[in-house]
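Since the structure comes first, as structure tokens, the remarks are kept for the end.
None of the figures in this text is laboratory data; all of them are computed from the coordinates on show. On a predicted model such as this, the values are computed, not experimentally measured, just so you know. Every residue, glycine among them, receives a Cβ derived from its backbone with ideal geometry; neighbour counts consider all protein chains shown.
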Amino acid sequence: MRGWRRTLWYVQAFYDRHKTVLIVSVIAGVILSLISIRLFAVIPGLKKTIYIGRVGHYSLAAIPRDIQEKVSFGLTQSFENGDVVPALASSFSREENGKAYRFTIRPKVAWQDGKEVTPEDVTYNFADTQVSRSQNDIVFRLTAQKQDPNAQEPVLPVSFTSIVSQPLFRQISYHNILFQPRQEIVGLGKYRIASISNQSGSIDEMTLESNSDELVYRFYATEHDAIIGFKRGEVDTVEGLLGTEDLSAQQNVGVTARTHTDEYIGLFFNMVQLENINNPLANKQLRQALNFALQKPTQNRAISPIDPQSFAYITQANDVENYNQNMTTATNLLMKLETPTKIVLDLQTPPNYTSIADQAKHDWEELGNMTADQCEQTNAAPRDQCENKRIQVNEHITSFPDTQNFQVIVAGQQIPNDPDQYTMWDSTQPTNFTHYKNPRVDKLLEDGRRTTDKEQRKLIYQEFQTTLVQDSPVIFYQYITTYDVARKVKLL
């Protein structure tokens, strides 16, 4: 008994002397155990980490679509050829004469935190649309009423099924292992967002994790900054460059070119007609002359606003004017045009497209000089009108072209997967920044939004292409080509 008491006394004395160390050790052990359990649950083995450079300023709500699609998916999945298939939805249907769409949620699909998806988790927000939910279904119903009694009843467009392919996300709140409150964005896809750094006001770095690898995206303000970061070893690869500077000449660097047929470079004309202000570009004949005068590229040439992979793309070259350079045709068009005042064009371009703007300035001024000289030689018009045919192009290089105040602008334009381009070209839409107006095109765009038959839609959008290209509200120049650079792996 005395020995037992002595042992207890020694233990008590040892604890009193070292209790701080013992308590800290126990807490540290518990924390390390929790961390280990969590890590081994997520990372069964050593993960490969890839550092990827991107160019641009992005908020969390506007990160590039391809990154979003690594983390999640939407009710549907859409493809460049115009096809749409169910994704989170197991099926969808058009109801109420086109005023509503019903989507049935696929059962037993879970968010990345383990919660099963319900219709309440689908949080798309569309103007003039009412959302109703049941146990398994979500219905989007148009609430807008027609303003013109002679107009057709408004409907949700057929392209609505493509619109809801936008990936879905959900914000959750939790406490970490140190019981600190945290928020996290979860999706439905292979990768989860592990961390986000946005010290500059926009995202600087974003880490995505899967069970097998880790992708660390680092965002740079300019292409030059991204290339410098690549040279410094901050990233293993840079994606989506418009130019590679001197990287393509380096032996240890691989360059992969990618042509994006869902995005084109165009020279857009502003056709707005204001009272008492003469806008020469409102004249289709001048736009066509400028189109014929411009030398186009021989590779990756764009001739239409619709993706070549789309079911609605015009495949027959004779069905649409290709506007290959033809100075004779351009001169004849400009010669017939009355020119009471000199043609002066302001041309805006971002730095990446200065070579295109330079080419346009050269070709258009050459067209004006050729036409003016021919006009004077043949006495086709009074001398002052002949001189007015000499075109003056004032080129402005700006990182932020103004689509609200311009005459001609060189810009990249995204092509939607569905051929519906109502918001871009319908004369009633505020997003029609060229102010293009053609009643026939308006009718075709409206019909294309209502027609569900694929073959009928194909015919509608092919006529739309033919008419729009003929009118030349934009010079379709070239599909955008980007470059991915990466270090070559040395084999031992």
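For the stretch 406-489, trypsin sites (Lys or Arg not before Pro) are listed when DSSP marks them as loop and at most 16 other Cβ atoms sit within 10 Å of their Cβ; the list is Lys488.
When only Cα pairs below 8 angstrom with a gap of at least 6 residues are kept, the stretch 73-163 shows a relative contact order of 25 percent.
What is the ratio of the Cα radius of gyration of the stretch 377-492 to 2.2 N^0.38 Å, where N is its residue count, to two decimals?
Values: Rg = 21.1 Å, N = 116, 2.2 N^0.38 = 13.4 Å.
Output field value: 1.57.
The ranking of Val441, Val408 by Cβ neighbour count inside 10 Å, starting from the fewest, reads Val441, Val408.
In the chain, which whole DSSP H runs stretch at least 30 Å along their own axis (Cα) and average 0.0 or higher on the Kyte-Doolittle scale? Provide the component values of the computation, followed by the final result.
Working: long enough: 2-42 (53 Å, 0.78); 354-378 (36 Å, -1.13).
Helices meeting the criterion: 2-42.
Loop-located chymotrypsin sites (Phe, Trp or Tyr not before Pro) across the stretch 320-416 with a Cβ neighbour count of 15 or fewer within 10 Å are lacking, with loop assigned by DSSP.
Provide the percentage of antiparallel DSSP beta bridges, counting only those with both residues in the stretch 262-483; round to the nearest 5. Mind showing how you got there, number by number?
Values: 13 of 21 bridges.
Here the antiparallel bridges make up roughly 60 percent for the stretch 262-483.
Per residue of the chain, what 222 nm ellipticity follows from adding -39500 (n - 2.57) for every DSSP H run with n ≥ 4, rounded to the nearest 500? Intermediate values should be presented prior to the final figure.
Values: 11 runs with 145 residues, N = 492.
Theoretical 222 nm ellipticity from helices: -9500 deg cm²/dmol.
How high is the relative contact order of the stretch 339-400, given as a whole-number percent (alpha carbon pairs under 8 Å, six or more residues apart)? Over the stretch 339-400, the number comes to 58 percent. Of the residues Tyr422, Tyr101, Tyr220, the one with the fewest other Cβ atoms within 10 Å heads the list, and the complete ranking is Tyr422, Tyr220, Tyr101. In this simple spin-label approximation, Asn136 and Tyr124 carry label points 7 Å from Cα along the Cα→Cβ vector, and these lie 2.0 nm apart. When Asp148, Asp137 are sorted by how many other C-beta atoms sit within 10 angstrom of their C-beta, beginning with the fewest, the order is Asp148, Asp137.
Over the chain, what portion of Cα pair distances is larger than 43 Å, expressed as a whole percent? Could you put the intermediate results ahead of the total?
Working: 41116 of 120786 pairs.
Result: 34 percent of Cα pairs exceed 43 Å.
For the stretch 262-483, the C-alpha radius of gyration divided by 2.2 N^0.38 Å, with N the number of residues, is 1.03.
To the nearest whole percent, what portion of all C-alpha pairs in the stretch 141-296 is separated by more than 25 angstrom? The share of Cα pairs beyond 25 Å in the stretch 141-296 comes to 66 percent.
What range in the chain is the longest one free of GluC sites (Glu not before Pro) that are in a loop by DSSP and have at most 12 other Cβ atoms within 10 angstrom? If you can, show how the numbers build up before the last one.
Values: sites that count: Glu275, Glu338.
Longest gap between qualifying sites, sites excluded: 1-274.
Positive-end ranking of Gly240, Ile277, Ala151 along the dipole of the chain, with charges on Cβ about the Cα centre, is headed by Gly240.
Taking 16 Å as the straight-line reach from the Cα of Lys389, the lysines in range (excluding those fewer than 8 positions away in the same chain) are Lys284, Lys336, Lys342, Lys361. Per the Cα gyration tensor, the stretch 73-163 maps to an equivalent ellipsoid with semi-axes of 27, 15, 10 Å, ordered largest to smallest. Nearest-5 percent of antiparallel DSSP beta bridges in the chain? The answer is about 75 percent antiparallel.
Please find the FRET efficiency linking Arg440 to Gln180, where r is the Cβ-Cβ separation and R0 is fixed at 60 Å, and quote it to the nearest 0.05. The computed FRET efficiency comes out at 0.45.
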